[in-house]
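Shown next, in structure tokens, is the structure this report addresses.
What follows is calculated from the coordinates using simple rules that are stated; it is not laboratory data. The structure presented is a predicted model; accordingly, all values stated were derived computationally and were not measured. Positions of Cβ are backbone-derived with ideal geometry, glycine not excepted, and every protein chain shown enters the neighbour counts.
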Amino acid sequence: MNMTVLDRKPDQSSQNDTPAQSHMGFIDCDVHPYVKGPNDFDPFLSKRWLEHKQTIGGRPRQGLAKTSMYPRMSPGAGMRMDSWPKTGGHPGSDLPLMQEQLLDLFDVAYGLLAPLVGGGPGERNVEFGAAMATAANEWQLAHWCDPDPRLLGAIQVNIEHTEAAIAEIEKRAGDRRFAQVNVPPRGLEPLGRRRYWPILEACAANNFPVSLHLGGTSGHASTGGGWPSFYHEEHPSYVQTMQTLVTSLVCEGVFEQIPNLKIVLVEGGFAWLPALCWRLDKHWKRLKAEVPHLKRSPSEYVHDHIWVTTQPIEEPERPQDMLATLEWIGPDRVMFSTDYPHWDQDDPRYAFKIPLPDDWKRKIYRDNAKALYNLD
Amino acid sequence: MTRHVVAKAEEIQAGTCKIVTVKGREIGIFKVGDDFYGLINRCPHQGAPLCRGEIVSRLVAPTPGDYRLTRPGEMIRCPWHCWEYDIRTGQSLCDPNSVHARAFDVAVEPGKTLVEGPFVAESVQVTVEESYLVVTM
Ligand code: FES
């Protein structure tokens, strides 16, 4: 039997599993902070909304209030099992543990926060949603970005409340503690629809890339064909979500309308992107008359406007296929992400099953994010 | 090779694991039935602390809906990405029809429903001397 020998045995001479120099100082494009308790956002809510939260509560788009639509494996509840703080609390809620397991271990240069807490972006009561989004932004600053300036916030907005979302983006403009605006990828309508343009315009005008981080539910079935039976089946449906987003943004002409819009796809993998673009390009040649606003081929818009993060990285059975995929997408459009502390997070040392050329490595682990987010 | 006394036998109950450090390397000592086994606390996939995972059985389903728990307490499931390994050998198991099995040219023995995956967690030998557990490495 052929054995795959992977470079993952610890160096016998060293006492512990110290990361190799080449992975030190990388930029992590997906880090999840979590609340210590249900009241963490309260200090950042006005009296009016605090009382609403305490006496009425959230109206999420899913039927289940205290769990996800597809609960993850237990024990661990979808988290790295070694990331549960010994002091109690939820993974991602304890900054010292996050520093120990991620930020200090790898001397992470910057960690881009993706706070999937609070429910603001998906709240049906959009006034309350906007208040919770603002609270989530203040909470990021107070609990994460200020205590550890390596952590950069993602502005939360509820895109069903256009005015509030734009006001929140404008309020944060120029605040270097925020790197981008976070929009839930599963929305009520595809993101390229005209009704969302003013928000996307505000992002671009204020130099914020838009990050679309997977997860959550819009209330629609998670696949075009209905609800999956298994989490294993739900997981690849995230890819369909990403494909829908890319297709919508391209076909609606968003990148013609907002030429400096930058989109970051987080946690959707990326190996599907070339095939989607081939299909879009092929049909663009035939169906141009229907979408005359597209001046260039879909793949050109994708190349110019879309960045992808790596996790959960694909592991092709022929590892060299990864290189061809990266080459097509462009090594300057791919950014490394761990997804700490989730169960399917990737370790920067071992995620790629094939060595990358040195210049690709530098770009993917550091330079692309540095350039996109204008970091020192 | 040196022999290291790592624990008293009664410290580890069947179905549990104790993590010890030998020569700077963490080793999980497991008791399965009456026997002791050791695995390096490091998952061959992406390096997670393997022995902090859950000790589980192997769930198989010859056909959809026909679930059977086999090999109770003989598997360790990685605390990160849930790959499962045979505690006694460190061998990862995968389905014979999966891409791994094809890609890595795994010999399937007649009648066997589980084949060996391409990854092997490092195991170490554990012996019981009087009432002490001894690791030789
Ligand atoms: S690190 Fe163990 S399964 Fe990935």
For region B:1-67: rounded, prolate or oblate by the Cα gyration tensor [a/c cutoff 1.5]: oblate
Cα-based reach from A:Lys370 at 27 Å (exclusive), listing lysines while leaving out same-chain residues under 8 positions away: A:Lys171, A:Lys262, A:Lys353, A:Lys361
Straight-distance crosslink candidates among lysines, where the alpha carbon sits under 18 Å from B:Lys8 and sequence neighbours closer than 8 are dropped: B:Lys18, B:Lys31
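Output the relative contact order of chain A, whole-number percent, from Cα pairs under 8 angstrom with separation of 6+ residues.
On the way: 618 pairs, mean separation 69.6, N = 376.
Computed value for chain A: 19 percent relative contact order.
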Cross-link reach list, lysines versus A:Lys66, counting only Cα pairs under 25 Å and skipping chain neighbours closer than eight places: A:Lys36, A:Lys47, A:Lys53, A:Lys86
Table column - 3J(HN,Hα) (Hz), region A:339-356, Karplus curve with 6.51, -1.76, 1.60, x for Gly and Pro: 6, 3, x, 6, 4, 9, 4, 10, 8, x, 6, 10, 4, 7, 8, 9, x, 9
Environment charge of A:Ala65, counting only residues whose C-beta is closer than 14 Å and scoring Lys/Arg +1, Asp/Glu -1: +4
Formal net charge of residues neighbouring A:Asp40 (Cβ-Cβ distance under 13 Å; K, R +1; D, E -1): -1
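Scan chain A and hand back the longest stretch that contains none of the GluC sites (Glu not before Pro) lying in DSSP loops with at most 16 other Cβ atoms within 10 Å.
Free of exposed loop sites, the longest segment is A:1-313.
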Per-selection Kirkwood Rh - the protein assembly as shown (Cα, Å, 1 d.p.): 24.7 Å
Qualifying trypsin sites (Lys or Arg not before Pro) in region A:60-152, DSSP loop, other Cβ atoms within 10 Å at most 12: A:Lys66, A:Lys86
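Would you calculate, for chain A, the mean residue ellipticity at 222 nm contributed by helices, counting each DSSP H stretch of 4 or more residues as -39,500 (n - 2.57) and dividing by all residues, to the nearest 500?
Working: 12 runs with 115 residues, N = 376.
About -9000 deg cm²/dmol.
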